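See below for the structure under consideration.
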Amino acid sequence: MISAVLLTLVVAVVAQQPKQPPTAEPIPILRFETDGPNVDGTYKWAYETGNEITAEESGYVKNFGKGEPEEVQVAEGKFSYKSPEGQLISLTYIADENGFQPQGEHLPTPPPIPPAIQKALDFLKTLPPTPASTNLQPQYQAAPFRRF
């Protein structure tokens, strides 16, 4: 019984795997450059493939030599490739103490804030701070413990 369940599970997992047609020949690497990592934390690399993929990145340590809490590794780069529909997808990015920050025409953007909502948000900004907006928790006094 357990063997049948296990076999069924394995078949289901294998059936869910995407089928990719085998490529007739390997995709060539047209360009590959690298420098580093260097002792000061700098590095850079770049490559280009025969199927129009390009990528490059460089990095450095911000505030190098100031010690662990102030030093920040920074990476800046870009890559591009063709989508299955033939559209060129390009992305530039920076990754630093503020996290990964990608930019690209294909990335979704939020819709504009409706005017009525923006008016309400602007009004809320004019109000004085409240305990909830300053993350202050109200202090409650516990009732005294009574013995029976």
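The values are calculated or read from the model by the stated rules, or taken from the named source; none is laboratory data. Just so we're clear, the structure is a prediction, and the values are computed from it rather than from any experiment. As a convention, Cβ positions derive from the backbone with ideal geometry for all residues, glycine included, and neighbour counts pool all protein chains shown. Keep in mind that these areas ignore ligands, DNA and RNA; they rest on the heavy atoms of the full protein, side chains included. Shrake-Rupley method; radii C 1.70, N 1.55, O 1.52, S 1.80 Å.
Just a yes or no: is a residue in the stretch 131-142 of a type in the set (Val, Ile, Thr), modelled with pLDDT of 90 or more and exposed (fewer than 10 other Cβ atoms within 10 Å of the Cβ)? No, because not a single residue in the stretch 131-142 is of a type in the set (Val, Ile, Thr), modelled with pLDDT of 90 or more and exposed (fewer than 10 other Cβ atoms within 10 Å of the Cβ).
Right, Phe123: hydrophobic (A, V, I, L, M, F, W, C), in a helix (DSSP H, G or I), modelled with pLDDT of 85 or more and open to solvent by 100 Å² or more (accessible area, probe 1.4 Å) or not?
It is true that Phe123 is hydrophobic (A, V, I, L, M, F, W, C), in a helix (DSSP H, G or I), modelled with pLDDT of 85 or more and open to solvent by 100 Å² or more (accessible area, probe 1.4 Å).
Against the criterion of being within 16 Å of the chain's Cα centre (by Cα), among the charged types (D, E, K, R), over 18 Å from Ile27 (Cα atoms) and surrounded by 11 or more Cβ atoms within 10 Å (Cβ to Cβ), Lys44 does not qualify.
Among the listed residues Thr42, Thr8, identify the single one that is at pLDDT 75 or above and β-branched (Val, Ile, Thr). Steps first, answer last, please.
Working: Thr8 fails: at pLDDT 75 or above.
Going through Thr42, Thr8 in turn, just one is at pLDDT 75 or above and β-branched (Val, Ile, Thr): Thr42.
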